[in-house]
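Reviewing the structure listed below.
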Amino acid sequence: MHLPKAELHLHIEGTLEPELAFALAARNGVDLPYADTEELRTAYLFDDLQSFLDLYYALMAVLRTEDDFTELADAYLARAAAQGVRHAEIFFDPQAHTDRGVPIGTVIEGLGRALERSEETHGVSTQLIMCFLRDKSAESALETLEAAKPYLHRISAVGLDSAEVGHPPAAFREVYEAAGALGLRKVAHAGEEGPPSYITEALDVLGVERVDHGLRCMEDPELVERLVAERVPLTLCPLSNVRLRAVDVLEDHPLPAMMAAGLLCTVNSDDPAYFGGYAGDTFRAVQEALGLDREQLRTLARNSFEAAFLDHDEERRARYLSEVEAYAFD
Ligand code: HPA
Ligand code: ZN
């Protein structure tokens, strides 16, 4: 769907399509434990977040050089642009690369090269969000922030991702404080598989401005009331929720109830190479499965630009919002 939209919850490593994975494996002499792309695709049946993360981290072995990261980001931006994405705030997982011996500068400069020319090449403005892996230590997160200091001009925010249950946000208070002091914005995954209390903790202890997923807020009416009152954006990923079994089928997704409750919902693709759809595919899928009408779709698109970190460029936000209002559905 070409409705203009911002993508606010997108892991660049989750855009690694099987074809590119095999091409990079051949180029870099990396052995993949799958015969071909077809066999690899059969591994994309997940029981939960962890079973996905195991494959997601394993496939990253093919990403080694600056060029690899540039190619990965370029491929994503081209696909996103073709599906109406006008602005993308892109997550990356530095520790998943530095732990394999790939320097953080290789990752950031490689991604940065694609991102800095994206507006010209793809017509998509971009930002980069550096995520800490919550199943690693707080010390490792602090070391990562330190290592990223020479590259902060390329980074606009920090995030928190990976295995959620048993890894509550509060452990990362210090690194979020340090990131805030460096002028970085703050988001965190919370309430994907973890309880609603993790959402509250991300807001109160880490000071996040947006909650990634936030799905399980619906179990706590007082929390919903707070999120509505404070207009905290939620970056929902409905196709991800189905593939990782947070909801049984897309038809059961609480998105319409969340919108009706007054939550500031956005719809995003999370890890599109793994979950069966990029941004436009995701909008189309929720439209069909949940019967959203055109004005509800327009509201989701409007929300995406309102929730974007565009405070330094309100003119751009206004331009994107006017594109949403002017969009004629076909
Ligand atoms: N949740 C947590 N960690 C992740 C995800 C996700 O959806 N995608 C990539 N890393
Ligand atoms: Zn995510």
Checklist outcome for this item: For the Ala229, Arg117 Cβ pair and Förster radius 41 Å, calculated FRET efficiency rounded to 0.05 is 0.50
Item to check | Among 73-82, 18-27, 248-257, 35-44, the order from most to least packed when residues are scored by Cβ within 10 Å on average | outcome: 73-82, 18-27, 248-257, 35-44
Checklist outcome for this item: For segment 311-322, in residue order, the Karplus 3J(HN,Hα) values (coefficients 6.51, -1.76, 1.60; θ = phi - 60°; whole Hz; Gly and Pro = x) are 4, 7, 8, 4, 5, 5, 4, 4, 5, 5, 5, 6
Checklist entry - Using modelled backbone amide H atoms (1.01 Å from N, in-plane), which distant-in-sequence or interchain residues come within less than 5 Å of Phe132's amide H? => result Gly159, Leu160, Asp161
Checklist entry - Taking the DSSP beta bridges in the chain as the whole, what percent of them are antiparallel, to the nearest 5? => result 0 percent
Item to check | Those chymotrypsin sites (Phe, Trp or Tyr not before Pro) in segment 269-330 that DSSP places in a loop and that have at most 12 other beta carbons within 10 Å | outcome: Phe329
Item to check | Accessible surface of the chain [probe 1.4 Å, protein heavy atoms]: carbon and sulfur percent | outcome: 49 percent
Item to check | Exposure of Ser140 as accessible area (Å², to 10), given a probe of 1.4 Å and all protein chains | outcome: 20 Å²
Item to check | Highest-fluctuation residue, Leu145, Leu184, Leu45 considered, GNM on the chain with Cα pairs under 10 Å | outcome: Leu45
Checklist outcome for this item: Note to self: C-alpha centroids of segment 52-108 and segment 260-315 sit apart, in Å, by 22 Å
Next on the checklist: At R0 = 35 Å, how high is the FRET efficiency between Asp311 and Gln50 if r is their beta carbon distance? Nearest 0.05 is fine.
Outcome noted: 0.50
Item to check | Estimated distance in nm for a label pair at Arg319 and Glu146, the labels positioned 7 Å out from Cα along Cα-to-Cβ | outcome: 4.1 nm
Next on the checklist: If I stretch the segment between Glu209 and Glu251 completely, what's the gain in nm (0.36 nm per residue apart, minus their alpha carbon distance), one decimal?
Outcome noted: 12.2 nm
Next on the checklist: Report, to one decimal in Å, the Kirkwood hydrodynamic radius for segment 198-278 based on all distinct Cα pairs.
Outcome noted: 13.0 Å
Item to check | Largest-first ordering by accessible area, 1.4 Å probe, given options Arg284, Arg154, Arg210 | outcome: Arg284, Arg154, Arg210
Checklist entry - How large is ³J(HN,Hα) for each residue in segment 323-328, as worked out from phi by the Karplus curve 6.51 cos²θ - 1.76 cosθ + 1.60 (θ = phi - 60°), to whole Hz, x for Gly and Pro? => result 5, 5, 5, 7, 5, 9
Checklist entry - Sorted by packing (mean other beta-carbon atoms within 10 Å per residue), highest first, where do 109-116, 289-296, 1-8, 60-67 land? => result 1-8, 109-116, 60-67, 289-296
Item to check | Relative contact order for segment 172-330, counting Cα pairs under 8 Å that sit 6 or more residues apart, in percent | outcome: 15 percent
Checklist outcome for this item: Along segment 205-214, Karplus-curve 3J(HN,Hα) (6.51, -1.76, 1.60; θ = phi - 60°) to the nearest Hz, with x for Gly and Pro, reads 8, 8, x, 5, 9, 9, 10, 7, 6, x
Next on the checklist: Testing the spin-label approximation: label points 7 Å from Cα along Cα→Cβ at Glu222 and Glu38. State their distance in nm.
Outcome noted: 5.6 nm
Checklist outcome for this item: Expressed per residue, the solvent accessible area of the chain in Å² (1.4 Å probe) is about 38 Å²
Next on the checklist: Testing the spin-label approximation: label points 7 Å from Cα along Cα→Cβ at Glu139 and Thr299. State their distance in nm.
Outcome noted: 4.9 nm
Item to check | Gyration tensor over alpha-carbon atoms, the chain, equivalent ellipsoid semi-axes in Å | outcome: 27, 23, 21
Checklist entry - What does the helix-only formula give at 222 nm for the chain: each DSSP H stretch with n ≥ 4 adding -39500 (n - 2.57), the total divided by the residues, and the result rounded to the nearest 500 deg cm²/dmol? => result -13500 deg cm²/dmol
Checklist entry - If Lys and Arg each add +1 and Asp and Glu each add -1, what is the summed charge of the other residues whose beta carbon sits under 9 Å from the beta carbon of Ile129? => result 0
Next on the checklist: For a distance above 15 Å, tell me the whole-number percent of Cα pairs in segment 128-201 that qualify.
Outcome noted: 49 percent
Checklist entry - Which whole-number percent is the relative contact order of the chain (Cα, under 8 Å, 6+ apart)? => result 21 percent
Checklist entry - When we measure straight from the Cα of Lys136, which lysines land under 29 angstrom away, once same-chain ones fewer than 8 places off are left out? => result Lys149, Lys186
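The values are calculated or read from the model by the stated rules, or taken from the named source; none is laboratory data. Small disclaimer: the values here were computed from a predicted structure and weren't measured. Positions of Cβ are backbone-derived with ideal geometry, glycine not excepted, and every protein chain shown enters the neighbour counts. Surface areas here come from the heavy atoms of the whole protein model, side chains and all, with no ligands, DNA or RNA. Shrake-Rupley method; radii C 1.70, N 1.55, O 1.52, S 1.80 Å.
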